Amino acid sequence: MTAEPPDPDPRRTPDLEPGGGVPPGSTPPDSGQTSGLSHPQPMPSKAMPVLWLVLTGVLVLMVAGLVVSLAFGWLSV
């Protein structure tokens, strides 16, 4: 199924003269607008990226501690 074009059909537009003009005092219908925002977009939270960085840092430190403890023989597997 195809979408309807945003511009009105000139053959069905009232008060449209041949050649595309309109008589004085008459206004043709507007075209549909498909661009622009309907409302301002919310700002993303800055807490989540910081939280992910902290969690990644903690995970890296834990893995590094595991590797160091295995290298020195403090942990046996």
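Every condition in (1) surrounded by 10 or more Cβ atoms within 10 Å (Cβ to Cβ); (2) modelled with pLDDT under 70 holds for residue 64 except the one numbered (2). Yes or no: the stretch 18-33 includes at least one residue that is β-branched (Val, Ile, Thr), loosely packed, with under 10 Cβ neighbours inside 10 Å and at pLDDT below 75. Yes, the stretch 18-33 contains at least one residue that is β-branched (Val, Ile, Thr), loosely packed, with under 10 Cβ neighbours inside 10 Å and at pLDDT below 75.
The values are calculated or read from the model by the stated rules, or taken from the named source; none is laboratory data. Here the structure is a predicted model, which is why all the values come from computation and not from measurement. So basically every Cβ, Gly included, is an ideal-geometry build from the backbone, and we count neighbours across all protein chains shown.
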